[in-house]
Amino acid sequence: MKHYRKDTSALVIGAGVAGLSSAIRLANKGIQVKVFEQQATYGGKMGVWEQDAYRFDTGPSLFTMPHYVDELLTIDGKDNVPFDFEELEVICHYFWDDGTTLQATKDLELLKDSFEKNIGEPKENIASFLKDSQTKYQITNHVFLEKSLHKLKTYFSWGTIKSIFRLHRVEVFKTMALQNERRFKQEKTVQFFNRYATYNGSNPYEAPATLNVIPHYEYGFGAFFPTNGIRSIADALYQKALSLGVEFHFNSSIETVEKRGDKYLLNGVFESQIVVCNMDVAAAAKGPLKNLLSGKRKDYEPSSSALIFYWGINREFTSLGLHNIFFSDDYKKEFHSIFSQKQIDNDPTVYVHISSKQKPDDAPKGAENWFVMVNAPYVENQNWDTMVAQARENIVKKLSRSLGIDVAQHIALEHKLTPQLIQKHTGSYKGALYGSSSNNRTAAFLRQPNFSSVHKGLYFCGGSVHPGGGIPLCLLSGKITSDIIAHDFNLF
Ligand SMILES: Cc1cc2nc3c(=O)[nH]c(=O)nc-3n(C[C@H](O)[C@H](O)[C@H](O)COP(=O)(O)OP(=O)(O)OC[C@H]3O[C@@H](n4cnc5c(N)ncnc54)[C@H](O)[C@@H]3O)c2cc1C
């Protein structure tokens, strides 16, 4: 029997992309949704910073799986919120200290040719790796990404059973680095594909080879750029939520969640049977949900964090594209520094994202907006002032060496985001970019489920819960959570 319960309401804590995804889906089920956000705006980590005609997306820069956004924007059958994006022909420009370069292209024939010509990696190795990455996606997508791992019925669908029989193909018991060393002839190719571990803040020397699924997101589905910049994803989701009647309360930090019978009371004022927590689960367990979440959620092993400099650069660089990677010389040492010594390595891999390459009005004419990021450890009693100053010096040296120009001379404007600030602004535990670490093979099962098995009506979405961090997975977590709510409260 179908019920349509307009009297049901839901309260969402946090307006990150996962919170927005949940709110849209729940509002589309016809229930009243209120979102509480501690900051003055929506988007969480997907922020924006502007000064002197330079505009920067402060958080995510790589956009994959745009159909998850499109699905939300047309969920009610109305195409009433404009959102445009384009597919990238060149996904990323790679640079090594010895002068080797490589352009990772959407065109796979071109990509294989570049590997063979520039790096000496036989084409067949790239082809078989990408095929394997696709197989891993086909196996894991159904079981690990689109459904709750903590509901028994997930394991009783034909799709899941088929996936379970093929689980050996996802290589849970080998590390990514070891598997890639066996697979490729050239060290640079190993480094190239090991880098994908950083897409969820992992260490390729510890994380399972299952993470070799990640390249399929880029080479199987493509890499994209929203015409109005990454922040326009959050803008569009916010507009869609408003159009569905979602009510937003900004500058509203939720400090307490009390259980009253079958309802929850937020800050002693707002009441509902359904609460969706989009804030980081460890922060929630230490804060508003401290009486409702078990002690083990108070600490998790976080993913890595990042240090980002936003530089207004007063000239153009024709050798650079939208996404650029300047690799470190010793990748293993770099990850050892980050994950074991909890320090930024002295020779860090530097990522430079220049949105003005694709969206020229993000910088003044003849200038560029550089988002310069290095992987950093999560916050743990380090001397950040010293580490940040040292990292800046090393980054400038590395880029100057590689580009053959004193980069420091061209920095007209600077702003920065440290792991401590990421923690402060978004409540992310220890400044982790992607919630809990995926460095061991059981990580997926240990992550906070999308629902509380103790307290009916309490749900979770976002980078620190299943299925994990990054824009596509956060959007999916909003879907999984709202599907479970729909089931629990007969919202069909
Ligand atoms: C520098 C950086 C680079 C990244 N690069 C990429 C990338 O290239 N591609 C990619 O896909 N992903 C990337 N990510 C990861 C991606 O941004 C995140 O996984 C995703 O945006 C997280 O969304 P979320 O909804 O889980 O949480 P958040 O964005 O963290 O949102 C949680 C919200 O909850 C609010 N909140 C917290 N506590 C409270 C409270 N008590 N009351 C009310 N509100 C509260 C916070 O203010 C915040 O707005 C990057 C992240 C960063 C920081």
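Please treat every number below as a calculation from the coordinates, not as lab data. Given the structure is predicted, the values throughout are model-derived calculations rather than measurements. Note that we place each Cβ from the backbone using ideal geometry, even for glycine, and neighbour counts take in every protein chain shown.
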For the stretch 433-492 the trypsin sites (Lys or Arg not before Pro) that pass both the DSSP coil test and the at-most-15 other-Cβ-within-10 Å test are 456
Trypsin sites (Lys or Arg not before Pro) in the stretch 311-388 lying in a DSSP loop, each with at most 16 other Cβ atoms within 10 Å of its Cβ, come to 315, 342, 365
Contour minus Cα-Cα span, residue 110 to residue 414, at 0.36 nm per residue, comes to 105.8 nm
Among 372, 343, 277, the residue whose Cα sits farthest towards the positive end of the charge dipole of the chain (+1 at Cβ of Lys and Arg, -1 at Cβ of Asp and Glu, taken about the Cα centre) is 277
The helix 471-488 Cα axis meets the longest alpha-carbon principal axis of the chain at an angle in degrees, between 0 and 90 and rounded to 10, of 20
Taking Cα atoms, the helix 123-140 axis meets the longest principal axis of the chain at an angle in degrees (rounded to 10) of 10
Taking the chain, the whole-percent share of alpha-carbon pairs separated by over 44 angstrom is 11
Output row, site residue 446, 7 Å Cα→C-beta label point, backbone N cut-off 19 Å, window the stretch 282-321, residues 282-286, 294-305
Once the in-chain neighbours fewer than 8 apart are removed, the lysines whose Cα is under 26 Å from residue 136 read 106, 112, 123, 147, 151, 153, 162, 174, 185, 188, 332, 479
Among GluC sites (Glu not before Pro) in the stretch 225-323, those in a DSSP loop whose Cβ has at most 13 other Cβ atoms within 10 Å are 255
Note: residue 187 to residue 262 extended length (0.36 nm per residue) minus current alpha-carbon separation gives 21.2 nm
Mean Cβ-within-10 Å packing, highest first, puts peptides 45-52, 284-291 in the order 284-291, 45-52
Correct semi-axes for the stretch 424-492, from √(5λ) of the alpha-carbon gyration tensor and rounded to whole Å with the largest first, are 23, 13, 12
Semi-axes in Å, largest first, for the stretch 373-492 (Cα gyration tensor, √(5λ)) are 40, 15, 13
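Only four residue types carry charge here, +1 at the Cβ of Lys and Arg and -1 at the Cβ of Asp and Glu. Report the dipole size of the chain about the Cα centre in Debye, rounded to the nearest 20. Spell out each step's value before the answer.
Numbers: 55 positive and 53 negative charges, 384 e Å.
In debye, rounded to 20, the chain gives about 1840.
Once the other residues with Cβ under 12 Å from the Cβ of residue 401 are scored (Lys, Arg +1; Asp, Glu -1), what is the net sum?
With Lys, Arg at +1 and Asp, Glu at -1, the net is -3.
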Taking 0.36 nm per residue of separation between residue 490 and residue 247 and subtracting their Cα-Cα distance, the length gained on full extension comes to 85.2 nm
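About the Cα centre of the stretch 320-414, what is the dipole size in debye to 20, counting +1 per Lys and Arg Cβ and -1 per Asp and Glu Cβ, all else neutral? List each step's numbers first, then the result.
Numbers: 10 positive and 13 negative charges, 39 e Å.
For the stretch 320-414, the charge dipole is close to 180 debye.
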In nm, the gap between the two label points placed 7 Å beyond Cα toward Cβ at residue 314 and residue 286 is 4.2
Computed ³J(HN,Hα) along the stretch 234-240: with the Karplus parameters 6.51/-1.76/1.60, θ = phi - 60°, integer Hz and x for glycine or proline, the list is 5, 4, 5, 5, 5, 4, 5
For the stretch 371-492, whose charge dipole is built from +1 on Lys and Arg Cβ atoms and -1 on Asp and Glu Cβ atoms, the candidate among 439, 451, 426 with its Cα farthest towards the positive end is 439
Between the alpha carbon centres of the stretch 209-235 and the stretch 404-467 the gap in Å comes to 17
Only helices counted: for the chain, with every DSSP H run of 4 or more residues adding -39500 (n - 2.57) and the sum spread over all residues, [θ] at 222 nm is -9000 deg cm²/dmol
In Å, the Kirkwood estimate of hydrodynamic radius for the stretch 394-462 over Cα pairs equals 16.1
Tilt, helix 17-28 to longest principal axis of the chain (alpha-carbon atoms), in degrees rounded to tens, equals 40
